[in-house]
Amino acid sequence: MKCILFSDSDYIQKLSNKYSFQTWMVSRYDKYVSDLEEFLKTINEISSRRYIRTNTLKISPDKLKKILLKKECVIKTTNLDEVFELINTGYPIGASLEYLLGYYYLQDLSSCYAVDAMELNENMKILDIAASPGGKTTYISQKLNNTGLIYAVESDKKRLKKLVFNTTRCGSKNISIYNIDGLSLSLSKIFSEAKFDNVILDAPCSCDGVIQKDRFRKKTYSTKSIDYCSTRQLNMINQAVSLVKPGGTLLYSTCSYSPEENEFVVNSLFDKHDIIIEPYKYGVPGLTSFGDHQLDKSLKNTRRFYPHIHNTLGFFIAKIHVK
Amino acid sequence: MYRIPTKNEITFLKRAFNIWGVFEVFERSSILIKEDSIDVVIYSNRYNPNNKSSKNKNCKIQVNSKFKDYNFDKTLSKKGVFLLNSDDHKIDVIKNQPYYAGLLMGYIHKKFFPSLSFLEIVATKSISFPYIIIKEQAANLVLYGRDVFGYSILSSSIFDENTLVLIMNSDRKPLGLGKTRYPSSVIFKENTVVVSNISDYGYYLREEN
């Protein structure tokens with residue numbers, strides 16, 4: 001899918017200069033982001049919020065809260081019981097004994113929403129494609145209470161180490177890690193016949209949703225990365241959906257704002273698969289059109305997350321029910 | 001290659017789990033053995049006898065690692081012991097042979113060398129196991145891979161020298177695995193390293209970086 005570009009105006013030019021964004025990016029954001037200037041300002045000037053997710057396999061949220069308060073951390077509750085926002089820590093939260101013992105995981109709230117949107121019950125068989133570093137994998141593991149079986153698939157050998165590190169730290173016994181490319185799952189003997197209750201595909205993406213955390217990306221971000229990623233995502237989502245049991249769910253997510261990597265990818269499934277897009281209680285509705293392109297109306301049930309509205313990094317979630 | 005443990009290995013592991021007071025955990029668990037090399041380092045390279053700066057040159061414990069910075073001892077068995085959540089998972093792992101499955105409990109090489117995950121089970125479930133409890137400042141140093149001095153010890157179980165012990169902080173939270181240089185009766189020696197750090201939770205961070 002080719003990146004769709006729009007002509008710019010003086011207003012777009014002004015905002016691009018003011019917040020040091022590439023003009024083509026701002027002209028695209030203008031088509032779907034509400035309160036564009038506040039959005040650009042938040043990304044450009046305000047540090048991203050920090051969240052921790054309690055690992056309930058090891059400790060309850062209440063107990064963790066007590067420990068953090070004892071250490072004079074200032075924390076705030078969020079929409080999710082097990083996730084806290086860190087206001088002030090006073091010590092390196094990613095190097096404490098509690099972190100090393102796997103009591104919590106440093107994870108953005110938007111990423112936690114992706115797992116929360118899945119309907120998970122004990123003893124389910126789950127497939128997590130592109131699983132490293134393991135934030136969602138270990139969250140699913142705790143939601144299953146260490147029962148069932150999670151197939152965590154990661155193609156990059158270097159990233160596998162991180163995945164092993166995090167699953168070990170979090171005490172997850174129900175995970176099997178496979179070094180397989182998400183694009184060639186159907187060629188693998190293991191996955192050619194397997195069907196899963198739930199599949200989660202947090203697809204590799206162009207990552208403009210994390211610019212707030214890594215502002216250097218504003219300059220390096222290109223239309224080519226959108227073209228490249230969306231093509232890969234189309235292949236991956238088709239493989240992923242074919243691995244879901246009838247009645248099961250595919251959770252598709254990215255940390256990109258690009259409609260070509262989000263709604264367009266999900267929209268492509270309607271041609272070949274019998275699916276329903278289910279709503280989720282948080283986030284703003286997804287797009288049903290972009291430029292001259294009209295998409296399926298049910299794509300409004302997908303969800304978008306923006307830093308200036310939701311206090312998260314940029315994120316996209318589609319909960320796809322496979323009939 | 002993941003496989004079911006042999007009869008001898010089961011007996012060996014039951015004994016090892018019993019020493020650490022978690023025999024019941026073994027009884028209820030699905031254990032598998034992985035024969036080939038495992039990409040997880042559980043012991044630091046400080047114990048390399050070829051390394052002149054090594055603090056304990058006689059220690060035979062070596063690194064099981066592919067990482068070039070670590071010394072790899074070919075004589076060390078590469079039998080990893082893995083704990084899975086169910087028999088179904090166990091069957092699935094034997095059939096599909098993943099890269100990694102469940103939780104690494106430790107390694108078998110003549111003796112059983114527990115992993116950090118195993119130590120955590122011991123700290124939470126066992127009531128009888130070899131341990132030392134150390135002061136808070138020393139606890140931080142252990143997490144940087146440092147050894148334990150006698151003056152840092154608050155209390156301990158009864159053990160001989162050269163015993164593997166669980167190092168804990170005053171909240172009884174596990175910090176790592178140590179090897180005693182003295183029996184427990186003389187462990188409180190001032191200004192002397194009394195327990196060598198074999199592995200610690202700080203490894204997670206050092207490895208991550």
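Quick check: pseudo-label points 7 Å beyond the Cα along Cα→Cβ at A:N145 and A:E37, how many nm apart are they?
Inter-label distance under the simple model: 5.3 nm.
At 222 nm, what helix-only mean residue ellipticity would chain A give, in deg cm²/dmol to the nearest 500, using -39500 (n - 2.57) for each DSSP H run of four or more?
Details: 14 runs with 115 residues, N = 323.
Using -39500 (n - 2.57) per qualifying helix, the result is -9500 deg cm²/dmol.
Ranking A:S186, A:S111 by Cβ neighbours within 10 Å, fewest first, what do you get? All intermediate terms of the calculation are to be shown ahead of the outcome.
Values: A:S186 11, A:S111 24.
So the residues, fewest neighbours to most, are A:S186, A:S111.
Between A:R215 and B:E136, what is the label-to-label distance in nm when each label sits 7 Å out along the Cα-to-Cβ direction?
3.7 nm
Filter the chymotrypsin sites (Phe, Trp or Tyr not before Pro) in the stretch B:124-164 down to the DSSP loop ones having no more than 13 other Cβ atoms within 10 Å, then list what survives. List each step's numbers first, then the result.
Values: sites: B:Y131, B:Y144, B:F149, B:Y151, B:F159; in loops: B:Y144, B:F159.
Those satisfying the criteria are B:Y144.
Filter the cross-link list A:K58/B:K79; A:K65/A:K219; A:K31/A:K213; B:K14/B:K95 down to pairs whose alpha-carbon distance in this structure exceeds 29 Å. Don't skip to the end; give the middle numbers.
On the way: A:K58/B:K79 27 Å; A:K65/A:K219 39 Å; A:K31/A:K213 23 Å; B:K14/B:K95 25 Å.
Result: A:K65/A:K219 exceed 29 Å.
By how many nm would the segment from A:T231 to A:N123 grow when fully extended, if each residue of separation counts as 0.36 nm and the alpha-carbon distance is taken off? Walk me through the numbers before you get to the answer.
Numbers: separation 108, 0.36 × 108 = 38.88 nm, distance 3.39 nm.
My answer for the length gained is 35.5 nm.
Enumerate the calculated ³J(HN,Hα) couplings along the stretch A:149-162 in order (Karplus 6.51 cos²θ - 1.76 cosθ + 1.60, θ = phi - 60°), each rounded to whole Hz, writing x wherever the residue is Gly or Pro.
8, 10, 8, 9, 10, 9, 8, 7, 4, 5, 6, 4, 4, 5
As an exercise, use a Förster radius of 41 Å and the Cβ-Cβ distance of A:K245 and B:E9 to find the FRET efficiency, rounded to the nearest 0.05. List each step's numbers first, then the result.
Values: r = 37 Å, r/R0 = 0.90.
Plugging the Cβ-Cβ distance into 1/(1 + (r/R0)^6) gives 0.65.
Rank A:S230, A:L149, A:Y113 by how far each Cα sits towards the positive end of the charge dipole of the protein assembly as shown (+1 on Lys, Arg Cβ; -1 on Asp, Glu Cβ) and give me just the farthest.
So the residue furthest toward the plus end is A:L149.
Quick check for me: using +1 on Lys/Arg Cβ and -1 on Asp/Glu Cβ, what's the dipole size of the protein assembly as shown about its Cα centre, in debye to the nearest 20?
Roughly 1660 debye, rounded to the nearest 20.
State the percent of C-alpha pairs, over all pairs in the stretch A:225-323, separated by a distance greater than 16 angstrom.
53 percent
For the pair B:D160 and A:K195, what calculated FRET efficiency results from E = 1/(1 + (r/R0)^6), where r is the Cβ-Cβ distance and R0 = 45 Å, to the nearest 0.05? Please report the intermediate quantities before stating the final value.
On the way: r = 55 Å, r/R0 = 1.22.
My answer for the efficiency is 0.25.
If the chain between A:K65 and A:Q13 were fully stretched, how many nm would it gain, using 0.36 nm times the residue separation less the Cα-Cα distance? Numbers along the way, then the final one.
On the way: separation 52, 0.36 × 52 = 18.72 nm, distance 4.60 nm.
Answer, rounded to one decimal: 14.1 nm.
Evaluate E = 1/(1 + (r/R0)^6) for B:S128 and B:S170, where r is the Cβ-Cβ distance and R0 equals 22 Å; express this FRET efficiency to the nearest 0.05. Each step should come with its number before you reach the end.
Numbers: r = 20 Å, r/R0 = 0.89.
Given R0 = 22 Å and the Cβ-Cβ separation, E is 0.65.
If you add up the charges near A:L68, with Lys and Arg at +1 and Asp and Glu at -1, over every other residue whose beta carbon is less than 12 angstrom from its beta carbon, what do you get? Intermediate values should be presented prior to the final figure.
Values: positive: A:K63, A:K65, A:K66, A:K70, A:K71, A:K76; negative: A:D62, A:E72, A:E85, A:E98.
The answer is +2.
Calculate the spin-label point distance for A:S186 paired with A:F6, positioning each point 7 Å from the Cα along the beta-carbon direction, and give it in nanometres.
My value for the distance between the label points is 3.5 nm.
In this model, which of A:K157/B:K90; A:K71/A:K173; A:K281/A:K323; A:K125/A:K224; A:K63/A:K300 are farther than 28 Å apart at the alpha-carbon? Can you show the working numbers first?
Working: A:K157/B:K90 24 Å; A:K71/A:K173 30 Å; A:K281/A:K323 22 Å; A:K125/A:K224 36 Å; A:K63/A:K300 39 Å.
Over 28 Å apart, Cα to Cα: A:K71/A:K173; A:K125/A:K224; A:K63/A:K300.
Read-outs throughout are calculated quantities, based only on the coordinates presented, and are distinct from any laboratory measurement. Remember, it's a predicted structure, so these values are computed and weren't measured experimentally. Glycine gets a Cβ as well: all are built from the backbone with ideal geometry, and neighbour counts include every protein chain shown.
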